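Structure first, then comments.
The values are calculated or read from the model by the stated rules, or taken from the named source; none is laboratory data. None of the values given here were measured: they were computed from a predicted structure. Here the Cβ positions follow ideal geometry from the backbone for every residue, glycine too, while neighbour counts run over all protein chains shown. Please note that ligands, DNA and RNA were not included when accessible areas were found on the heavy atoms of the full protein model with its side chains. Shrake-Rupley method; radii C 1.70, N 1.55, O 1.52, S 1.80 Å.
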Amino acid sequence: VAQVPPGFVTTYGDVATALGSKNVARHVGFAMAALPDGSDVPWWRVVAAGGRLATASAKVQREQARRLRAEGLVVRA
């Protein structure tokens, strides 16, 4: 995840595949959700299949959208 450059996104499934098991995408999501506040891991660059934002909460979705827009990406409802 740290290797995803600003202005780009990847999916939980892509991260899982890069780790060697395409079947652990959900675990990647759990790991992103468990990051401590202030972590320098760019969690907002990881999206669900089809480009959907995180589904943890509306607050997390708003923060993810804000950060992606700040990097120049278009975020649609």
Restricting attention to segment 60-77, which residues are among the aliphatic types (A, V, I, L, M) and surrounded by 10 or more Cβ atoms within 10 Å (Cβ to Cβ)?
Val60, Ala65, Leu68, Ala70, Leu73, Val75
Name the residues in segment 19-44 that are among the aliphatic types (A, V, I, L, M) and modelled with pLDDT of 95 or more, would you?
Val41
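So that you can scan it fast, the table gives a plain yes or no per residue for (1) open to solvent by 80 Å² or more (accessible area, probe 1.4 Å); (2) hydroxyl-bearing (Ser, Thr, Tyr):
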residue	(1), (2)
Thr10	no, yes
Leu19	yes, no
Ala34	no, no
Asp40	yes, no
Val47	no, no
Ala58	no, no
Only one residue in Val47, Val9 is of a type outside the set (D, E, K, R) and in contact with a Lys or Arg (Cβ under 9 Å, 6 or more places away or on another chain). Which one?
Val9
Enumerate the pairs (first residue in segment 29-55 and closer than 19 Å to Val75 by Cβ and among the charged types (D, E, K, R); second residue anywhere and open to solvent by 40 Å² or more (accessible area, probe 1.4 Å) and at pLDDT 90 or above) with beta-carbon separation below 6 Å, excluding pairs fewer than 6 apart on the same chain, so at least 6 apart or on different chains.
Arg45/Val9
